[in-house]
């Protein structure tokens, strides 16, 4: 009997199921999409993908896709840091974006404008951003102003060293809360509360790590109650310490000294920078006032 002409039989003698051409095509299409979709997502969200001059212009004005605006801003910032004069025609767009309705766009824009202290309108735009509704935007604007030799945002920089407080906006009961030491990104969920028939999500205003949780699951809380504290991330602390090296004042030392102590939560590079920043502030104060400095309290 020719096996090539006889249908295959299973152990029971029944015909084994075969995949039709249509099913094969569907199978390979689904498999291809499973592989392709993450690649497409990465391609569309990775800020390192080089944009043409035309794309930069299109992305900067693409208000429907804030990630496109951020992509263009990051590329401009990198070129500005390399003193690429070809990006100067885009500077008016950077000033315009300082008042963009999306926080992430304003935050990136504040950083980018700090890459060229000769940029027309940048200094004034950054000063206005110190009054932004977002703590992160205010902080980035303050950091960029230091590059202009302007210490107006010093208090905002000190705030970057301190934990962010997450409070309840209304009376309610805690449905869920994050765990201490859990890493969290900016906008990450810290807790949920039920207020009447409404479920309210409490999100972190900064990226970092949950330091303390004051109201656990099931707790009944009043409006304004502090639910948790989020400690700032390492990069945020690093940038703040470097800025305060130049503009910090003696009254900022308590916030800085939090990072001079050896601790498993404080990387060595942060501790070393904190020590250098403290030393620079004390030396600056000594020059301003030749009287005896007491150093640490």
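The values are calculated or read from the model by the stated rules, or taken from the named source; none is laboratory data. Everything quoted here is computed from the prediction, not taken from an experiment. So basically every Cβ, Gly included, is an ideal-geometry build from the backbone, and we count neighbours across all protein chains shown.
Evaluate the following for residue 101: is it in contact with a strand residue (DSSP E or B) (Cβ under 9 Å, 6 or more places away or on another chain) and not in a helix (DSSP H, G or I)? Can you show your working first?
Values: in contact with a strand residue (DSSP E or B) (Cβ under 9 Å, 6 or more places away or on another chain): no; not in a helix (DSSP H, G or I): yes.
Here the answer is no, as residue 101 does not meet what is asked.
Being over 13 Å from residue 166 (Cβ atoms) and in contact with a strand residue (DSSP E or B) (Cβ under 8 Å, 6 or more places away or on another chain) is the filter here; which residues of region 183-197 pass it? Lay out the reasoning, then the answer.
Of all residues in region 183-197, those over 13 Å from residue 166 (Cβ atoms) come to 183, 185, 194-197.
Scanning region 183-197 gives 183, 194, 195, 196.
Being in contact (Cβ under 8 Å) with a residue 40 or more places away in the chain, surrounded by fewer than 22 Cβ atoms within 10 Å (Cβ to Cβ) and either in contact with a helix residue (DSSP H, G or I) (Cβ under 6 Å, 6 or more places away or on another chain) or outside the structural domain of residue 79 (by TED's automatic domain parsing) (or both) narrows it down to one of 177, 125, 142, 170, so name that one. Don't jump to the end; show me each part of the working.
On the way: 177 fails: surrounded by fewer than 22 Cβ atoms within 10 Å (Cβ to Cβ); 125 fails: in contact (Cβ under 8 Å) with a residue 40 or more places away in the chain; 142 fails: surrounded by fewer than 22 Cβ atoms within 10 Å (Cβ to Cβ).
The unique qualifying residue is 170.
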